[in-house]
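None of the figures in this text is laboratory data; all of them are computed from the coordinates on show. Since this is a predicted model, take the numbers as computed values, not measurements. Cβ sites come from the backbone with ideal geometry, for glycine too, and all protein chains shown count toward neighbours.
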Number of protein chains: 2
Amino acid sequence: MDEFSDDFRAGLHDLMRWRRDVRHFSTDPVDAALLKQCLDTFSLAPSVGLSEPWRILRVRSSQSKAAAIRNFMETNAKALDGYTGDQAKLYASLKLSGMNDAPEHLAVYCDDSTDKGAGLGAASMPEMRRYSVVGAVTLMWLTARALGLGVGWVSVLDPKRLNADLEIPDGWTLVAYLCVGWPAKNTLTPELETKGWEVRAPALHIESR
Amino acid sequence: MDEFSDDFRAGLHDLMRWRRDVRHFSTDPVDAALLKQCLDTFSLAPSVGLSEPWRILRVRSSQSKAAAIRNFMETNAKALDGYTGDQAKLYASLKLSGMNDAPEHLAVYCDDSTDKGAGLGAASMPEMRRYSVVGAVTLMWLTARALGLGVGWVSVLDPKRLNADLEIPDGWTLVAYLCVGWPAKNTLTPELETKGWEVRAPALHIESR
């Protein structure tokens, strides 16, 4: 068995502290080999029944990118309608996506209809396939961060419309729309905290049964 | 900005290769301080809108543990009914949970009704709250593994019944039932591959749009 040093564990803790959602990117391109290193993480990720249900699209054409950005802008305008007064003003001031600057866009899907794994572990909790994709994205996020890259997860999107615009096969579910690039700034504090939207809970509450 | 060394990145890659789902545990107890170190990872995890929707239960009483184990056994018997012939025989031979031996059981829930974060980022994709919980579990898994501990994610469960048995509040969704303990053996190869259930895909297929 491999053993890990105190130094390594301290580095891992640092990495997790640093791995904030990035929304401010420089427009500098990401080297293809670095992007590949990030994406290769998917092949290390565990998945329910070894189903490996992740499906990855690089959103590259200007038409596809424009459709995704338009999707974000309209979905964000609709979300703003859900707030009033000072909260609406604050919401409108937040930068919730780095899509305009990030050089790489990835749309990560789950193939809920995959035969791989023959359904093992997903009969009573079929959502486990999508959770496997989220776990793999989380590992990729850490790999990217360890390389100095930033990743921003955009969830202010209408998945149905994105699927139509990107011509996604039936049976695939959007799990994550990711912006990847070089962060324009680095901070330990989540931006939503800096801007006064929400604070971190002071302590983790654990119950027993 | 913090920078990470080649050595650290190599260690991270090793950690991800090792972090296999563990189903064979020794019954040795896990020191409370070590378990706390694992659980503290949740407070480092990002979450949609800073909603921090994770709710963690330590399943400790013999009554609760027995209910969860019974739940697994009956759900697993039902899952077996979905296979026939050799596949059924193989399925029946697989060890799909380490619940009997693992000293620590954690039931990780998502509070879908939380006000924290005021719904930011979750209006068009409310599943983002549960995905945030999965991301946090993934980080905890890595922390545990770096400490030499193993984690097994049990998904062969009927969540409705578990919620009733553990008296879970309305609005909480089961995301992960985790066994935590000292692995009885370590391997780089997923057990489902060793046993001939499924193999890893040879390469990651990436499409462009």
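What shape does the protein assembly as shown have by the C-alpha gyration tensor, where a ≥ b ≥ c are the square roots of the eigenvalues, rounded means a/c under 1.5, and otherwise prolate means a/b greater than b/c and oblate the rest?
Rounded.
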Simple spin-label estimate for A:D112/A:A32, 7 Å along Cα→Cβ, in nm, reads 3.5 nm
Quantify how strongly other chains surround peptide B:39-45 by giving the mean number of their Cβ atoms within 10 Å of each of its Cβ atoms.
-> 4
Label geometry 7 Å along the beta-carbon vector: B:H205 inter-copy distances in nm = 4.7
Sequence ranges A:82-91, A:36-45, B:165-174, A:151-160, ranked by mean other-Cβ count within 10 angstrom, highest first | A:151-160, A:36-45, B:165-174, A:82-91
Would you grab the residues whose amide H sits under 5 Å from the one on B:G181? Only those 5+ places off in sequence or on another chain, please, with H modelled 1.01 Å from N.
-> B:G150
When Cβ neighbours within 10 Å are restricted to other protein chains, what is their mean count per residue of peptide A:71-79?
-> 2
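State whether chain B is rounded, prolate or oblate according to the following rule on the C-alpha gyration tensor (a ≥ b ≥ c being the square roots of its eigenvalues): a/c under 1.5 gives rounded; otherwise a/b larger than b/c gives prolate, and the remaining case gives oblate.
It comes out rounded by the Cα gyration axes.
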Taking the label point 7 Å from Cα in the Cβ direction, how far apart in nm is A:S62 from each other copy of itself, listed shortest first?
-> 7.2
B:L188-B:K78 FRET efficiency (beta carbon distance; Förster radius 25 Å; 0.05 resolution) | 0.20
Rounded to a whole number, the mean other protein chain Cβ count within 10 angstrom for residues of A:13-21 is 5
Taking the Cβ of A:M128 as the center, what net charge do the other residues with Cβ under 14 Å away carry, scoring Lys and Arg +1 and Asp and Glu -1?
-> -3
Dipole magnitude of the stretch A:15-152 about its Cα centre (Cβ charges: Lys, Arg +1; Asp, Glu -1), debye to nearest 20 = 220 debye
Listed by chain and number, the lysines with an alpha carbon less than 19 angstrom from that of A:K89, same-chain partners under 8 positions apart left out, are A:K78, A:K195, B:K116
Give the relative contact order (percent, whole number) for the stretch A:7-163; include only Cα pairs under 8 Å separated by 6+ residues.
-> 44 percent
With the label set 7 Å along Cα→Cβ, B:K78 is separated from its counterparts in the other copies, in nm and shortest first, by 3.4
Cα centroids of the stretch A:160-209 and the stretch A:1-43: how far apart, whole angstrom?
-> 16 Å
